[in-house]
Amino acid sequence: MSEEEQLTILASEGMLVKRPIIETESTCLTGFRQKEWEEKLK
């Protein structure tokens, strides 16, 4: 796979590039699952 093909795939699949990550003292949250984030970040 060429670099151009790789960039095209990454640009078309937003979740491959934009994965929010939050680290706290007790946990690390990746991806966005609203219910989980609300529970952990209260």
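No value in this document is a laboratory result; all are computed from the given coordinates. Note that the coordinates shown come from a computational prediction; the quantities given were computed from them, not determined experimentally.
What the phi angles of segment 36-42 give under the Karplus curve with 6.51, -1.76 and 1.60, with θ = phi - 60°, is a coupling list of 4, 5, 4, 5, 6, 9, 6 Hz, glycine and proline written as x.
If the segment from Ile22 to Glu36 were pulled out straight at 0.36 nm per residue, it would be longer than the present Cα-Cα gap by 3.8 nm.
Convex hull volume of the Cα atoms in the chain, per residue, in Å³? Don't skip to the answer; put the middle values down first.
Working: hull volume 3.2 nm³, N = 42.
Spread over its residues, the Cα hull of the chain gives 76 Å³ apiece.
What do you get for the angle between helix 3-12 and the principal long axis of the chain? Use alpha-carbon atoms, 0 to 90 degrees, nearest ten. With rounding to tens, the tilt is 40 degrees.
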